[in-house]
Amino acid sequence: MGQAARAARRRGYRRRAAVTPEARRAAEWDCTRLVHLYANLNDQARWAEVAALYAADGCMTRPTAPDSPVIGRPAILAAFESRPPRTTRHVCANVVIQVQSETTAHGSSAMLLFTAAGTPPLVGGFEDRFVHTEQGWRFAERRGTLTF
């Protein structure tokens, strides 16, 4: 063991078990699917299913309200149910998932939102933290931003 490794161990740093290539690909696929499923369910106004994509203590920050996080599935569901009815189409692209461990991952994606109201499309993105739960991969945090 080299001097740097011994020093790191003394400071409490431990080498994490490596994620196998197969587990990494599976997590990347599952998290990417979650991003796309979120957009589809959102466009279909299937709010309970959207809320179920979050961990029980998950946090959602809408692109239009970046300083107002919504925490926990019940609050996330209530936030979606309080929205006025509208027809939308979310187009997500450039999804990149970075698997950090067997149970955590980070992702980013671009989002384009069209509404039937005739307003100009919104362009933004999401920074996501994912956690693996008993129900599979879920959003631990979904933070939206508007670009223009």
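Looking at this structure, is Val123 modelled with pLDDT of 95 or more, within 21 Å of Arg24 (Cβ to Cβ), in a strand (DSSP E or B) and not hydroxyl-bearing (Ser, Thr, Tyr)?
Working: modelled with pLDDT of 95 or more: yes; within 21 Å of Arg24 (Cβ to Cβ): no; in a strand (DSSP E or B): yes; not hydroxyl-bearing (Ser, Thr, Tyr): yes.
The answer is no for Val123.
Would you check which residues across the range 37-51 are surrounded by fewer than 18 Cβ atoms within 10 Å (Cβ to Cβ) and either touching a helix residue (DSSP H, G or I) at 6+ places or on another chain (Cβ under 7 Å) or modelled with pLDDT under 95 (or both) and list them? Walk me through how you get there before you give the answer.
Of the residues in the range 37-51, the ones surrounded by fewer than 18 Cβ atoms within 10 Å (Cβ to Cβ) are 37, 40, 43-46, 48-49.
The answer is Ala48, Glu49.
Within the bounds of the range 100-115, is there any residue that is surrounded by fewer than 15 Cβ atoms within 10 Å (Cβ to Cβ) and over 30 Å from Arg25 (Cβ atoms)?
yes
Which condition number in (1) touching a Cys at 6+ places or on another chain (Cβ under 9 Å); (2) in a loop (DSSP other than H, G, I, E, B) is the one that His36 fails?
Status for His36: all satisfied but (2).
I want to confirm something. Restricting to the range 46-60 and keeping residues that are touching a Phe, Trp or Tyr at 6+ places or on another chain (Cβ under 9 Å) and assigned to a strand (DSSP E or B), which single residue is farthest from Thr133 (Cα to Cα)? Reasoning before the result, please.
So in the range 46-60, the residues touching a Phe, Trp or Tyr at 6+ places or on another chain (Cβ under 9 Å) come out as 47-48, 50-51, 53-55, 58-60.
If we keep only those that are assigned to a strand (DSSP E or B) as well, we get 54-55, 58-60.
Details: Tyr54: 10, Ala55: 7, Gly58: 12, Cys59: 15, Met60: 17 Å.
Step by step, filter the range 46-60, then rank; the result is Met60.
Considering Thr145, Thr104, Thr88, Thr133, which residue is out of contact with any Phe, Trp or Tyr (no Cβ under 9 Å at 6 or more places or on another chain) and on the phi < 0 side of the Ramachandran plot? Write out each step before concluding.
Values: Thr145 fails: out of contact with any Phe, Trp or Tyr (no Cβ under 9 Å at 6 or more places or on another chain); Thr104 fails: out of contact with any Phe, Trp or Tyr (no Cβ under 9 Å at 6 or more places or on another chain); Thr88 fails: out of contact with any Phe, Trp or Tyr (no Cβ under 9 Å at 6 or more places or on another chain).
The match here is Thr133.
Looking for whichever is out of contact with any Ser or Thr (no Cβ under 6 Å at 6 or more places or on another chain) and not in a strand (DSSP E or B) here; the options are Phe148, Phe130, Phe114. Which one fits?
On the way: Phe130 fails: not in a strand (DSSP E or B); Phe114 fails: not in a strand (DSSP E or B).
One residue alone meets the criteria, Phe148.
The values are calculated or read from the model by the stated rules, or taken from the named source; none is laboratory data. Since the model is a prediction, treat every value here as computed from it, not as a measurement. For neighbour counting, all protein chains shown are included, and Cβ atoms are generated from backbone atoms with ideal geometry for every residue, glycine included.
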